[in-house]
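Take a look at the structure set out below.
The values are calculated or read from the model by the stated rules, or taken from the named source; none is laboratory data. In this text the structure is predicted, and so the values were computed from the model without any measurement. Neighbour counts run over all protein chains shown; Cβ positions are idealised from the backbone, glycine included. Areas reflect the complete protein model, heavy atoms only, side chains present, ligands, DNA and RNA absent. Shrake-Rupley method; radii C 1.70, N 1.55, O 1.52, S 1.80 Å.
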Amino acid sequence: MKKSGVARGMVYETLIIMFVGFAFSVLLGLALTKPIATALLGDFTGGNTMLPPRAILLGAVMACFFSILAGLCSLSAVMRHEPMLILAERN
């Protein structure tokens, strides 16, 4: 396998994990915000505990930024070593 193939695989792996984790965290946050706020504060919250779309978008941008940064770190390792050595070390 060429270095570019290993690098592409690492980038795809990082992005897929980021998208799945981000989607899971947003859905879990949306589902649990109201019950947790009610349990902690009672009826004091006024019923508005929804996460604004702007906050979700900002979180997505930050997640993409940090995933790209992590991908670049793994790419630096791929470009310095031979692909067979990298794949052998994963075991």
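Descriptive notes on the structure:
- Residue match in segment 37-44 (condition: of a type outside the set (Lys, Arg) and under 21 Å from the mean Cα position of the chain (by Cα)): no
- Test for Met10: is it aliphatic (A, V, I, L, M) and open to solvent by 60 Å² or more (accessible area, probe 1.4 Å): no
- If you go through segment 45-61 and keep only what is within 25 Å of the chain's Cα centre (by Cα) and loosely packed, with under 13 Cβ neighbours inside 10 Å, you end up with Met50, Leu51, Pro52, Pro53, Arg54, Ala55, Leu57, Leu58, Val61.
- Sole exception among (1) closer than 15 Å to Gly9 by Cα; (2) modelled with pLDDT under 85; (3) surrounded by 12 or more Cβ atoms within 10 Å (Cβ to Cβ); (4) not small (Gly, Ala, Ser) for Arg90, by number: (3)
- Subset tally (residues that are under 23 Å from Cys73 (Cβ atoms) and not hydrophobic (A, V, I, L, M, F, W, C)) for segment 1-53: 11
- Residue within segment 62-73 that is open to solvent by less than 50 Å² (accessible area, probe 1.4 Å), at pLDDT 75 or above and hydroxyl-bearing (Ser, Thr, Tyr) present: yes
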